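Each value in this text was obtained by applying a stated rule to the coordinates, not by laboratory testing. Not measured: the values here are computed from a predicted model. Neighbour counts are summed over all protein chains in view; Cβ atoms, including those assigned to glycine, are modelled from backbone coordinates with ideal geometry.
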Amino acid sequence: MEIGIKELIGIIIGVSIYFVRNENLKGILKLKEETNEKIQANKDLIIEVKNENEKSNERVISKLGNIEDDVKRTENSIKTFAGESSATRELVIKIYEEVMGIGKNKSQRRSK
């Protein structure tokens, strides 16, 4: 059996196609692995950022709760102070009226 030039060229082309295809598959597998690694790294980064955001949100919610508590305490203090101030003012006015005799004059004028 003699191998002709056409057959020899066919064999060389076949072997070349096999090696090129094999190298392409290796390249595709390597690219796929690199892509999967990048995807995993991005997923890890997303999870890390998400966790940081959740921690940040928890801190903000906690601070907002503290601010809300401070506002309630301030409102209560204002109400208490306003109540005390009002009561003190009324007491001072009554004492002033008693000392100056105005309270008696008013009640005497009304009864007339």
Going down the table (LYS50/LYS79; LYS6/LYS30; LYS30/LYS50), which pairs top 32 Å between alpha carbons? LYS50/LYS79; LYS6/LYS30
Distance (nanometres) between label positions extended 7 Å along Cα→Cβ at VAL15 and MET100: 12.4 nm
